[in-house]
Amino acid sequence: MKKLLFFPLVFVIIIYTFGAEFTMNFSHGTDGMLWTDSSAYIINNSDIINTIYGNLEASLELKTYFPYKIQSTNRFSKIWKRSIKYNGENFNVTAGNFYVSKARNTGLSFYYDDQLHIDRYLDGISASFSPNMLHMNFLAATPYSKEYKDGVYITHNDTTDFLLSLGTDLSLNKRFELGMNFDYLNIVSFGRSDKLTNIYIDLPFDIFEIYSSFGYRSGFDRSSFANNSGFSSYTNFLLYLSSTSIGLETFYSDSFDFGGSGFRYAETPTLTYSGYSINRGMDEIGGRLNVQTTFSSNIFKTDLAYITNKNRDKKLSEIYSALTLYPGNNSIDFSLNYIYEYHLHSDIDLKQTLKSDFEFSIASGIPIKLINREEFTSEDTLNYLDSELEGDFTLLPSLTIYGTFTYRNKDVRNEGTMWILGGARFDFMNYNTLQLEVGSRKGGIVCSGGVCRYEDPFKGIKLKYTFSI
């Protein structure tokens, strides 16, 4: 604990030393969860300090995690992330923890997924050099893939892995960009290695844009415990008209699992609106069409996606349409989402889901938001309906209260049939936010970027406090 208190003290001393030339941002977050049915609880504190002095930038994240009555989970108080950067005109270097993204859908991708609370980051060194129209980059680092689920931290990947990456791209007059990356993965625990090469091209014009990327991997496949090779391709065509945009995406992937069975170090295409996928780059082929148009300040968009595998024995299709209207100072949002899943679940042959979402917002007087969500699910011969009502009321500029009521017409997998939740959010003293939730939420499948997980139903109390300056 003394080590954790030492770092903020050092930063305060630096501020007084350098004065106005030195800037610092500080944020604090506390998450608390109490399960009333088991008396288990967690307290999770996070403190982030960002500092800038000239071309130098430093960041430090401290985390204190205290679980009670949660099995196989230990409390800790430690430095979670740290980094120092130099940002020059044509040269940048980072040491410590960082994120990176190379070549959309076929290259290295490390980022924070705020929907699933999965943090994919690197620990090492990265550098980039940009003379004129040429951009070169390098990194050597250990990858991490951590998830925060139901109050527990989980590390998915093998933290003995080591990555080396080289990349370069050429950009001409913002009308042409061509790039290439080479990545080497040392799988230390198996004494093996895997390699990934990708090439991408981007052609942006005034009314249309074409982007294509191709990836080829060869080496040890941790999913099959054998040496093999894999390939992935992705193309995106965008057309911009006066009030309408049209996008067409296609992709193909086979044995493209650079990383491991439960995690990926390279991004794989996920073209569905819901974030669903079939095999996350192992054996997928598909396409997506999306259209968005505006009329009289209103917005309509539709999205169609289809994914299958080489044998055509697995299928995933989705249709999503949404309409947003602005009558006066108010707004109305309505959407429909249909998902068709064939042989994607071990215990279900055919699953179909139809979702509707209706949202009405009143801006005048006391701002009010009323939401109705309906979700009809068919799993072979099992059919059930979830109905949800939600209301948000902004009583004061700094105070919002909200509540949700969810009802299911039959009990499925002993999850229950009724969930009621109430909450309040209070903003005070410019930099502080306090949020409290009491009640229960139903569980269900949550997907993002082709990763899906089941979240258990929750019954209890959640408390969240954030402070930033």
Restricting the stretch 361-377 to residues that are loosely packed, with under 15 Cβ neighbours inside 10 Å and within 28 Å of the chain's Cα centre (by Cα), the one farthest from S274 (Cα to Cα) turns out to be L370
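Which one is nearest to F393 (Cα to Cα) among residues in the stretch 303-361 that are part of a strand (DSSP E or B) and of a type in the set (D, E)?
In this case the residue turns out to be E359.
Against the condition closer than 25 Å to R453 by Cα, free of Cβ contacts under 8 Å to residues at least 24 places away in the same chain and surrounded by 14 or more Cβ atoms within 10 Å (Cβ to Cβ), how does S335 come out, does it pass? Step through it out loud before you land on a result.
Numbers: closer than 25 Å to R453 by Cα: yes; free of Cβ contacts under 8 Å to residues at least 24 places away in the same chain: yes; surrounded by 14 or more Cβ atoms within 10 Å (Cβ to Cβ): yes.
Taking the combined requirement at face value, the residue satisfies it.
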For the stretch 148-161, enumerate the residues that are within 23 Å of N186 (Cβ to Cβ) and surrounded by fewer than 16 Cβ atoms within 10 Å (Cβ to Cβ). T155, T159, T160
Mind checking which residues of the stretch 230-286 are charged (D, E, K, R) and over 17 Å from I319 (Cα atoms)? D254, D257, R264, E267, R280, D283, E284
Kindly list, by first and then second residue, each pair from a residue in the stretch 15-29 that is assigned to a helix (DSSP H, G or I) to a residue that is at pLDDT 85 or above, limited to pairs with Cβ atoms under 7 Å and residues at least 6 apart or on different chains. I15/M24; F18/Y53; E21/Y53
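One line per residue, one yes/no per condition, for (1) in the same structural domain as T197 (by TED's automatic domain parsing); (2) hydroxyl-bearing (S, T, Y); (3) surrounded by fewer than 18 Cβ atoms within 10 Å (Cβ to Cβ):
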position: E61; (1), (2), (3): no, no, yes
position: K69; (1), (2), (3): no, no, yes
position: Y112; (1), (2), (3): yes, yes, yes
position: Y121; (1), (2), (3): yes, yes, no
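Please enumerate the residues belonging to the stretch 144-189 that are in contact (Cβ under 8 Å) with a residue 12 or more places away in the chain and part of a loop (DSSP other than H, G, I, E, B).
We begin by selecting, within the stretch 144-189, every residue in contact (Cβ under 8 Å) with a residue 12 or more places away in the chain; these are 144-153, 156-172, 174-189.
Within the stretch 144-189, D150, G151, H156, N157, D158, T159, T160, D161, K174, R175 qualify.
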Just to be sure I understand, how many residues within the stretch 249-298 are buried (at least 19 other Cβ atoms within 10 Å of the Cβ), hydrophobic (A, V, I, L, M, F, W, C) and farther than 21 Å from Y454 by Cβ? 5
Does the stretch 284-301 contain at least one residue that is aromatic (F, W, Y), part of a loop (DSSP other than H, G, I, E, B) and either in contact (Cβ under 8 Å) with a residue 24 or more places away in the chain or at positive phi (or both)? no
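Just checking: which of the strands (runs of 3 or more DSSP E) contained wholly in the stretch 415-469 hold 3 or more residues that are under 30 Å from D257 (Cα atoms), at pLDDT below 95 and not basic (K, R)?
On the way: elements: 418-428, 432-441, 444-448, 451-455, 458-468.
So the answer is 444-448, 451-455.
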Among the residues of the stretch 331-360, which ones are out of contact with any Leu (no Cβ under 9 Å at 6 or more places or on another chain), modelled with pLDDT under 95 and under 16 Å from S274 (Cβ atoms)? H345
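Of the residues S223, S274, only one is under 30 Å from L354 (Cα atoms) and either in a loop (DSSP other than H, G, I, E, B) or touching a residue at least 60 places away in the same chain (Cβ under 8 Å) (or both); which? Steps first, answer last, please.
On the way: S223 fails: under 30 Å from L354 (Cα atoms).
One residue alone meets the criteria, S274.
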Within the stretch 347-360, is there a residue that is among the hydrophobic types (A, V, I, L, M, F, W, C) and either under 29 Å from F208 (Cα atoms) or over 28 Å from the mean Cα position of the chain (by Cα) (or both)? no
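The values are calculated or read from the model by the stated rules, or taken from the named source; none is laboratory data. Note that this is a predicted model, so its numbers are computed, not measured. Ideal geometry is used to build each Cβ from the backbone, glycine not excepted, and the neighbour counts take in all protein chains shown.
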